[in-house]
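Some notes on the structure that comes next.
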Amino acid sequence: MPSHQPWYHDNITRSKAEDLLSKAARDGSFLIRDSESIQGAYALCVLYQNCVYTYRILPNEDKKLSVQASEGVPIRFFTMLPELVEAYHSPNMGLVTHLQYPVQREEEVEEEQESNNHPPQLPPRNFTADGKESESKTSEQATKSLLDTYLTRLQHIDLSTLSEEHQMAVQEYFTSSICLDAEQVQNGNPNLPGLKKLILAVCKNLNSEISRILPALEVFHRALDQQLSPGIGPKPILADSGQSMSSRLEQLTKLLYSIEDKAKSSVFEAVGYDGGHRKSLIPVVLFEVKQESLGISTKMVLKVDVESGKIYFKKSKDGPEDKYFVHNKILQLVKSQKMHAKLVIVVETEKEKILRKEFVFDDTKKREGFCQLLQLMKNKHSEKPEPDMITVFVGTWNMGNASPPGDINSWFHCKGLGKTRDDTANHIPHDVYVIGTQEDPLGEREWSDIVKNVLRKITNISFKQVAIHTLWNIRIIVLAKPEHENRISHVFSDSVKTGIANTLGNKGAVGVSFMFNGTSFGFVNSHLTSGSEKKL
């Protein structure tokens, strides 16, 4: 791709692209970068309502390019990227908004700034650990840098469309409250109380309005459901603007999550908070094992600290931590095939000597739990851009046309049957969740929101929806961690009816397939009559 195209940014990272677009701060701003996961593909990044939407541009066998846009929009193929960009300047092409303002490459922006005598950029933030005084100075510098950055951005944003109350609330946050949030984070509280206060102030009328109208909408929805046959949903309730109320609420929800994520990311980065040591999502886990040496069996304790990236060898639970090895010094785990509870850990000492340590766990599941924690630890601290291993949670539920209970958290913590995790691995969030339901009385969005909220509650992660497909009351939904969003491509879904004469969808199956980097995944959720005649 010719580098002189202003909107083409080569192989910049996704976070860098989002940062450039957020600085542009105009709906319809866009840039194109190389895909991080698929060779020869690109990512089209578009800014709309403070959110960055990413669309894959994939080459076919003839090396012609197409955009993975909204469903129902005809796929168009282009020989060159400039031709594609020109076409998507037109509205209604399947993007969230049409392309309007190309975001220039960073070096070009810097040249313009120099020619316009703009003030020089702030020096890069530098964090040290040379005692409390140095730490305090660095924190103050980081906070000031954060403050200057957002005040500069605020100067280039038109606030005239906001009410006076909202203008004051936004300005107050970026002039003082963001500093208090930074201090809170440094003291171990990552909840950003200043940001929460701002959102409550801006949305106070919305909260009361939603509380007022929701009961009426729920009654209306129930009345319609009782009259309609399966598979036919009620028509959307239109707002005055012509847009469905559910779409407006969905946009609002996405915007709030995006604001919270970006604010936390900026403040955490500014004060050097890694989110781990003060409030770890994965606690330290102890394993009681036996070590055999010269025919003598000795009890020991293995302590796994995922957040710090260390494994400790202890003689007892409360005893001193005799030795520890950092994640990059753990070279190999060898599972014994004869003794299913036995494990060999190959480590490298400081003097670059290779040691083999043999341990026997209480049972196979304890050994599996230990191995999974070590794998997670190595993935967490690895400098590799791609994970070596992912875990998938698969669940199926015949709901019997009854609404789910208020609390279904325990289902997503369960270990299932067969070769599964030990209790010690319960704290590890899976990378992908696939849920199949049958005789499901809920709407797609309602069920999707329930599953996302449960996962957010138990993992503290806002999972991304990869796909959802429904055939009457048979449904499959796939969700993935947000960091995997650009690793997943070629998403397809379909259904097969096996009801009377293969025309009714009360029986049948739904399926979803996709690529995760170079690995293909496929999941099918079926609801059939007794017997196996419809299986194929």
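The values are calculated or read from the model by the stated rules, or taken from the named source; none is laboratory data. Predicted model, so just to flag it, every value in this text is computed and none were measured. Backbone-built Cβ (ideal geometry, glycine too); neighbour counts: all protein chains shown. With ligands, DNA and RNA removed, areas are computed over all heavy atoms of the protein, side chains included. Shrake-Rupley method; radii C 1.70, N 1.55, O 1.52, S 1.80 Å.
Under the criterion of Cα pairs below 8 Å and six or more residues apart, the relative contact order for the range 288-394 equals 21 percent. Computed extension gain for E446 through L528, at 0.36 nm per residue and net of the alpha carbon distance, reaches 27.1 nm. Counting only protein chain heavy atoms and rolling a 1.4 Å probe, the accessible areas of C179, C45 rank, largest first, as C179, C45.
Close amide H partners of I12, meaning residues 5 or more places away or on another chain with modelled amide H under 5 Å apart, are D34.
Note on K144: accessible area is roughly 120 Å² with a 1.4 Å probe, heavy atoms of protein only. The range 360-413 and the range 1-42 have their alpha-carbon centroids 34 Å apart.
Across the range 27-97, Cα pairs under 8 Å and at least six residues apart give a relative contact order of 22 percent. Applying the Karplus relation 6.51 cos²θ - 1.76 cosθ + 1.60 with θ = phi - 60° to the range 462-470 yields 3J(HN,Hα) values of 8, 5, 9, 7, 7, 6, 8, 9, 10 Hz, where x marks Gly and Pro. Under a model in which nothing but the beta-carbon of Lys, Arg (+1) and Asp, Glu (-1) is charged, the range 441-497 shows a dipole of about 120 debye around its Cα centre.
Each of D19, D388, D181, D318 has its accessible area taken with a 1.4 Å probe; listed largest first, they run D318, D388, D19, D181.
Among 469-480, 28-39, sorting by the average number of other beta carbon atoms lying within 10 angstrom of each residue, highest first, gives 469-480, 28-39.
Accessible area of Y55 (1.4 Å probe, protein heavy atoms only, ligands and nucleic acids ignored): about 30 Å².
In order along the range 384-392, the phi-based Karplus estimate (6.51 cos²θ - 1.76 cosθ + 1.60, θ = phi - 60°) of 3J(HN,Hα) comes to 5, x, 10, x, 7, 8, 10, 10, 10 Hz; Gly and Pro are listed as x. Sorting F412, F77 on solvent-accessible area from highest to lowest, probe radius 1.4 Å, gives F77, F412. Close amide H pairs (under 5 Å, H built 1.01 Å from N) link I282 with no residue at least 5 positions away or on another chain. Taking 60 Å as R0, compute the FRET efficiency from the Cβ-Cβ separation of I210 and A41 and round it to 0.05. Once the sixth-power term is evaluated, E becomes 0.90. For a Förster distance of 60 Å, can you work out the FRET efficiency between the beta-carbons of L504 and R153, rounded to the nearest 0.05? For R0 = 60 Å, the calculated efficiency reads 0.60.
H156 contributes about 140 Å² of solvent-accessible surface, heavy atoms of the protein only, 1.4 Å probe.
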